[in-house]
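The values are calculated or read from the model by the stated rules, or taken from the named source; none is laboratory data. Since we're looking at a predicted model, the values are computed, not measured. Cβ coordinates were reconstructed from backbone atoms using ideal geometry, including for glycine residues, and neighbour counts include every protein chain displayed.
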Amino acid sequence: MLRSIQPASRSHVPFAAAAILAMAACSSTWAASDDVTIYKIQNRWKQFIADAGTKVAYDSGGDDLKHRWILEETPAGQRIKNLASGAYLAADRDAADVRLVRRGGAAAADDTSLWTLDVVSGTWLSIKSVATGKYLNCEPQRGFAVCDGANVPTSQTWWLSQWEFVHVGGPPPPPRYRLHQIAVAAPAYCSDVAGDTPVALVAPGFSRVTVKCWKQGDGFGADSTVAVVDLDAQGRGSFRFPAQDYPHGPLTVRISGENGAAQDNCYLQLYNRGGMPWNEGLPRDPPAAEGMTLVFADDFTGPFTVSSTGTKGTYYDHKPPGGQQDFSTLRFTSLDQPHNPFRQVDSYLRIRASEDAQSSGLISSLKNDASGITARAPCYFECRFLGPNAIGTWPAFWLMTDYMTAYVQGKGLDEPCDELDIIEAYGGEGPGHPNAFDAYMICPHAWNQGDAGKTLEKQAFDGLRNPIRMRKFGIPSTWFETFHTYGCKVTEAQTIYYCDNVEVGRHATLPLSKQAPIFFLVNLATGGGWPVDLSRYHGLADMYVDYVRVYQAPK
C-alpha cells in the first residue's frame, strides 16, 4: 500500500511523478475543489473511467465532471469519489461488477468502497479492493470496469489491471512513497555533490536504515558505513554524506533497510566534484599484456569523437552496421541527436539511460565502413567502468571478430563471427529480477557457424565459472559499488578473462578469434530479457567509463 508523506515544507522534498504516486485527502464537496487534487483515471489504452449511473464506464474521455475523481484517504485505504455525482467507487462482494454508491448509503461507508493503490511500474498503479482482495480491471473490454482480477499486476503482466492517475486540477499532489521501499527525496538521483551533503530519506515500513559507500584505500579500498539512520513514524530521516572523504568522481551510496521479511536496497548514484583522487586514469601496463604493445588507449581526457555516419570519429555509436542490430529497449542514441546519452565529465565518459528521453548509449571501435580500432591474437583488451544497478540496466564490455569487412563487400550479415562478452551485468533486485549482487556473466558466442560452432560455444561456456561471483575471487566489492577493470586476453590457444587483473575464467580460443581482427564495444543497454523500470531513480541510470586499452603482440 502506498504511503502519503507530507513534507515539512514544499521546498524540502521535490515532486517526482516517475517515482511517486500523488494523492491528497480532501473534503467531500465539489465546492471545496480548489483545495483538492483532481484526477482523470486512465487505463493503458488511454481510456478514462467515468460515472455511468450505477456502473463505472471507460471511454476515450472528456473534460466533463463525470470523468474526474478525487481521493479521500482513510487509515484503512482510499475512497475514489466522482466529482459529478459525489458517488464512490465500490466493489461487489458477490459479483465482478464495480458499482457507484452514493453518499449516505451503507456501501459508501463500509469497506466495499475502500481501495489500496500500489505502484506497478512508473506511474502505473494497481487498484485493489479492501473488501474482496481483487483488482479493478477492464478485462472484458466491454466498456465497463470490473473487479475480479486475482493476479498481482507487474511491469510485464496483467496490463488490464493497471491504471494511471492523471493530475488535471487542484493543487500539486503531495508525495507518496511505496511501503518497504527506500526513496531519496534529496539530493536528486545522478546529481553532483561536494563537501558535506545533506541527504533526505523516506522509507515507510522501516524504522532504521544503514548507509554505506565504498572508500579509497590500499588495494581494493574498503567498504565504509556512512550512517545508521533512525527513522520517524512516517519513515522519514536524514544524514550528512561527507563527500570530501570519499573518492572524486562517480559514487554509489547504498541505503539498506530490513523489517522482518521485508528488505530493500536503494542505490543513490552521485558525482563527487570534490573528494580524493583514487585510481583515476591509465595505470601501468597490466600483467596480462606482458610482451604486447599498446595499440590504443582512451582515458577520455581529450576530445570524445563519435559518429553515426562519417568515418572521422574514434567510435561509432551503434552496433554496426547502421544500428540494424541494436538491442536496447531504450534505444541507442547518437551523439549528434536530441537526447544524446554521452557526456564527458572530468576524465570519465558518462553513458546515461533515460526513460524520459527513451535513450541509452553504445560505443563501437569498428565503424560502418569497417575501419576502426582492432587487434589480432595474441591480444588483450580492458575497460575500467562503474555500472548502475537499477531494474533492467544492462552494462557490458564485449568483443566481436570483424564481420563488417564482409558486409561492405556485399556479403550480408550472415557471415560467421565470434562474440566474447567480457562482462554482462544485469541490474534489478526483488522478485522477478536478476538479483545479481556481486555476480556477472561471461558469454562466448560462435555466430553463424553451424552445429560445429554451437558445440564449440557450449564447450567454451561450460568451461567458465558462470556466474562470476566477484567475492569468490577475492574481489570484495561489486560491479555497481565501485570501479573495476575487466579484461580479456586472446591467444591462439586460450581465451582468458580477468577482473582487476585476477583471472576469473578461460576457455579454448574459438577458431575465428584466432585469426580475425577483433574490435570492442562498451554499452549501457536496458532489457536483456528482464523487465525495465527506472522510475525509482526518476528515470535515470548512469554508467561511467574511466578508460579503454587495447594491446597486441608484435607480429
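For the stretch 519-538, the count of residues that are of a type outside the set (Asp, Glu), in contact with a helix residue (DSSP H, G or I) (Cβ under 8 Å, 6 or more places away or on another chain) and not in a loop (DSSP other than H, G, I, E, B) is zero. Tell me which residues, restricted to the stretch 289-312, are of a type in the set (Gly, Ala, Ser) and surrounded by 19 or more Cβ atoms within 10 Å (Cβ to Cβ). Ala289 - this is the single residue of the stretch 289-312 that is of a type in the set (Gly, Ala, Ser) and surrounded by 19 or more Cβ atoms within 10 Å (Cβ to Cβ).
For the stretch 249-333, the strands (runs of 3 or more DSSP E) that sit wholly inside it and include 3 or more residues that are touching a Pro at 6+ places or on another chain (Cβ under 8 Å) are 262-272. Within the set Val184, Val228, Val168, the sole residue that is surrounded by 17 or more Cβ atoms within 10 Å (Cβ to Cβ) and hydrophobic (A, V, I, L, M, F, W, C) turns out to be Val184.
Residue check: is Gly372 surrounded by fewer than 21 Cβ atoms within 10 Å (Cβ to Cβ), at positive phi and either of a type in the set (A, V, I, L, M) or over 21 Å from the mean Cα position of the chain (by Cα) (or both)? So Gly372 does not fit the description; no. Tyr177: at pLDDT 95 or above, under 21 Å from Thr123 (Cα atoms) and part of a strand (DSSP E or B), yes or no? Here the answer is no, as Tyr177 does not meet what is asked. Note on the stretch 206-233: residues that are farther than 18 Å from Gln181 by Cα and assigned to a loop (DSSP other than H, G, I, E, B) total 6.
The numbered conditions (1) within 19 Å of Ala377 (Cα to Cα); (2) of a type in the set (S, T, N, Q); (3) assigned to a loop (DSSP other than H, G, I, E, B) are all true for Ser513 except (3). Of all residues in the stretch 135-154, which are buried (at least 20 other Cβ atoms within 10 Å of the Cβ) and in contact (Cβ under 8 Å) with a residue 24 or more places away in the chain? Selection gives Tyr135, Leu136, Asn137, Cys138, Ala145, Val146, Cys147, Pro153.
When Arg343, Arg352 are checked against the criterion of being farther than 17 Å from Asp402 by Cα, surrounded by fewer than 21 Cβ atoms within 10 Å (Cβ to Cβ) and basic (Lys, Arg), Arg343 stands alone in meeting it. Of all the numbered requirements in (1) more than 29 Å from Thr478 (Cα to Cα); (2) surrounded by fewer than 20 Cβ atoms within 10 Å (Cβ to Cβ); (3) under 24 Å from the mean Cα position of the chain (by Cα); (4) touching a residue at least 24 places away in the same chain (Cβ under 8 Å), Ser334 misses one, and that requirement is (2).
Of all residue pairs spaced 6 or more apart or on separate chains, those with beta-carbon atoms under 8 Å, a first member in the stretch 229-254 that is within 29 Å of His484 (Cα to Cα) and a second member that is assigned to a helix (DSSP H, G or I) are Leu251/Ala243. Pairs linking a residue in the stretch 426-440 that is in contact (Cβ under 8 Å) with a residue 40 or more places away in the chain and buried (at least 18 other Cβ atoms within 10 Å of the Cβ) to a residue that is of a type in the set (S, T, N, Q) and in a loop (DSSP other than H, G, I, E, B), with Cβ atoms under 7 Å and 6 or more positions apart or on different chains, are Gly427/Asn389; Asp438/Thr478.
Any chance you could count how many residues in the stretch 400-421 are crowded, with 24+ Cβ neighbours inside 10 Å, assigned to a strand (DSSP E or B) and not polar (S, T, N, Q)?
3
Taking each residue of the stretch 71-83 that is without any contact (Cβ under 8 Å) to a residue 60 or more places away in the chain and looking for partners that are of a type in the set (Gly, Ala, Ser) with beta-carbon atoms closer than 6 Å, six or more apart or interchain, yields Arg79/Ser113.
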